[in-house]
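*Asks:* Below you will find the structure I want to go over with you.
The values are calculated or read from the model by the stated rules, or taken from the named source; none is laboratory data. Computed from a predicted model, the values in this text were never measured in an experiment. Neighbour counts run over all protein chains shown; Cβ positions are idealised from the backbone, glycine included.
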Amino acid sequence: MAGQIKHPQAVVFVMTVVAYIQISINGVNGDPRVPCFFIFGDSLADSGNNNQLDTLAKVNYKPYGIDFPRGTPTGRFTNGRTTADILGQLLGFSDFIPPFATARGDVILRGVNYASGAAGIRDESGQQLGERISMDGQLKNHEVTVSQMIEMLGNRDSAQKYLTKCLYYVGMGSNDYLNNYFVPRFYPTSNLYTPDQYAQVLIEQYRDQIMRLYNYGARKVVLTGLGPIGCTPYAISSFSTNGFACVDKINDAIQLFNKKLIALVDQLNKSFTDAKFIYVNPFGILGTLDDLITSLGKREIP
């Protein structure tokens, strides 16, 4: 039987996010629970929105989900729970936040998961894999949810007041690199922009998208930076020169994006004092593959 390695860095990441949320919402010792939790992102958070799409980016089959409750494949790109699932549980929700694809009725009052595998900030990112719901598409779906909540709560003012108490978790951008900028066979972006220019183009579009969330009522927003995606198995197998080392050109490019995202979060907090925007740095928390190997030690899994 295969052994299982649990990454302490992943636990630190989740707990760090929760700590930031606790401080932001209720202070260090306050109850972090919120009435609803909205999730936007890609395969790191997708909980089934891609299941009925015509795409290669769907995983509603085993062995995915083998460690999820009841061992059921749900469309999550993991053997068990996603980071968003764990955050929802730690925030006090008794059940997982449902994907937009299946969320019906008053269940939406506690939140909706809009994340879609292969999705990006840019609409075209991931298109070589098939259908996916970009950030713009996820925002359109959220607009549908807000309209339904207005009807349920009686009027727009009541819904707006309710939404200001909710937590919004947004993690987007990985596919704008792995399934766009660094795939010149399908996308022209690396010929049109330097890495710094591309990061700026992404941030400008991302800012507009975040402002749409704010206009829908979001006032507590967690924005996660990009992790060391140059160390993912896909990146290493596709771009590494020796098939093992992390791909520096990818990690260097996403660090440019992360720096601009930090500056954007600072700007948003200064401009909108009635809201709180939180930046979480998974790159700094998780480190690189070399760091993981050093901390965990090399182990052979039978």
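*Asks:* Tell me the residue from Ile229, Ile210, Ile262 that is surrounded by fewer than 16 Cβ atoms within 10 Å (Cβ to Cβ), under 17 Å from the mean Cα position of the chain (by Cα) and either closer than 30 Å to Ser158 by Cα or not hydroxyl-bearing (Ser, Thr, Tyr) (or both), please. Working first, answer last.
*Replies:* Details: Ile229 fails: surrounded by fewer than 16 Cβ atoms within 10 Å (Cβ to Cβ); Ile210 fails: surrounded by fewer than 16 Cβ atoms within 10 Å (Cβ to Cβ).
When all the criteria are applied, what remains is Ile262.
*Asks:* Let me ask you something else. So if I check each of Leu292, Leu296, Leu268, which one is at pLDDT 95 or above, surrounded by 12 or more Cβ atoms within 10 Å (Cβ to Cβ) and not charged (D, E, K, R)? Reasoning before the result, please.
*Replies:* Numbers: Leu292 fails: at pLDDT 95 or above; Leu296 fails: at pLDDT 95 or above.
Checking each option against the conditions leaves just Leu268.
*Asks:* Only one of Leu44, Leu87 is in a helix (DSSP H, G or I), touching a residue at least 60 places away in the same chain (Cβ under 8 Å) and of a type outside the set (S, T, N, Q); which? Steps first, answer last, please.
*Replies:* Details: Leu44 fails: in a helix (DSSP H, G or I).
Selected residue: Leu87, the only one of Leu44, Leu87 that is in a helix (DSSP H, G or I), touching a residue at least 60 places away in the same chain (Cβ under 8 Å) and of a type outside the set (S, T, N, Q).
*Asks:* Another one. From (1) closer than 20 Å to Phe38 by Cβ; (2) in contact with a Ser or Thr (Cβ under 6 Å, 6 or more places away or on another chain); (3) among the hydroxyl-bearing types (Ser, Thr, Tyr), pick out the condition that doesn't hold for Tyr181.
*Replies:* With respect to (1) closer than 20 Å to Phe38 by Cβ; (2) in contact with a Ser or Thr (Cβ under 6 Å, 6 or more places away or on another chain); (3) among the hydroxyl-bearing types (Ser, Thr, Tyr), Tyr181 is out only on (1).
*Asks:* Could I ask something else about it? So which residues in region 244-259 are surrounded by fewer than 18 Cβ atoms within 10 Å (Cβ to Cβ) and either closer than 23 Å to Phe77 by Cβ or hydrophobic (A, V, I, L, M, F, W, C) (or both), if there are any at all?
*Replies:* Phe244, Ala245
*Asks:* Can I ask one more? Going by the structure shown, is Thr83 modelled with pLDDT under 95, surrounded by fewer than 18 Cβ atoms within 10 Å (Cβ to Cβ), more than 20 Å from Thr164 (Cα to Cα) and of a type in the set (Val, Ile, Thr)? Steps first, please.
*Replies:* Details: modelled with pLDDT under 95: yes; surrounded by fewer than 18 Cβ atoms within 10 Å (Cβ to Cβ): no; more than 20 Å from Thr164 (Cα to Cα): yes; of a type in the set (Val, Ile, Thr): yes.
Considered against the rule, which asks whether it is modelled with pLDDT under 95, surrounded by fewer than 18 Cβ atoms within 10 Å (Cβ to Cβ), more than 20 Å from Thr164 (Cα to Cα) and of a type in the set (Val, Ile, Thr), Thr83 comes out as no.
*Asks:* Suppose we filter Asp157, Asp176 for residues that are in contact with a Lys or Arg (Cβ under 7 Å, 6 or more places away or on another chain) and acidic (Asp, Glu); which single one remains?
*Replies:* On the way: Asp157 fails: in contact with a Lys or Arg (Cβ under 7 Å, 6 or more places away or on another chain).
So the residue among Asp157, Asp176 that is in contact with a Lys or Arg (Cβ under 7 Å, 6 or more places away or on another chain) and acidic (Asp, Glu) is Asp176.
*Asks:* With the requirement that a residue be aliphatic (A, V, I, L, M) and outside any helix (DSSP H, G or I), what does region 115-166 give you? Break it down into steps so the answer makes sense when it comes.
*Replies:* At the first step, the residues of region 115-166 found to be aliphatic (A, V, I, L, M) are 115, 118-119, 121, 129, 133, 135, 139, 144, 146, 149-150, 152-153, 159, 163.
Ala115, Ala118, Ala119, Ile121, Ile133 - these are the residues of region 115-166 that are aliphatic (A, V, I, L, M) and outside any helix (DSSP H, G or I).
*Asks:* Go through region 190-200 and give me each residue that's farther than 14 Å from Met172 by Cα, of a type outside the set (D, E, K, R) and not in a loop (DSSP other than H, G, I, E, B).
*Replies:* Matches in region 190-200: Ser190, Asn191, Leu192, Pro195, Gln197, Tyr198, Gln200.
*Asks:* Tyr114: buried (at least 22 other Cβ atoms within 10 Å of the Cβ), closer than 24 Å to Gly227 by Cβ, of a type in the set (Phe, Trp, Tyr) and touching a His at 6+ places or on another chain (Cβ under 9 Å), yes or no?
*Replies:* Values: buried (at least 22 other Cβ atoms within 10 Å of the Cβ): yes; closer than 24 Å to Gly227 by Cβ: yes; of a type in the set (Phe, Trp, Tyr): yes; touching a His at 6+ places or on another chain (Cβ under 9 Å): yes.
Yes.
*Asks:* Determine which single condition Ala199 fails, assuming it passes every other condition in (1) over 17 Å from the mean Cα position of the chain (by Cα); (2) surrounded by fewer than 18 Cβ atoms within 10 Å (Cβ to Cβ).
*Replies:* The failed condition is (2).
*Asks:* Considering only residues of region 90-114 that are β-branched (Val, Ile, Thr) and assigned to a helix (DSSP H, G or I), which is nearest to the chain's Cα centre (by Cα)?
*Replies:* Step one: of region 90-114, the residues β-branched (Val, Ile, Thr) are 97, 102, 107-108, 112.
Right, trim to assigned to a helix (DSSP H, G or I) and you get 107-108.
On the way: Val107: 21, Ile108: 19 Å.
Taking the candidates together, the pick is Ile108.
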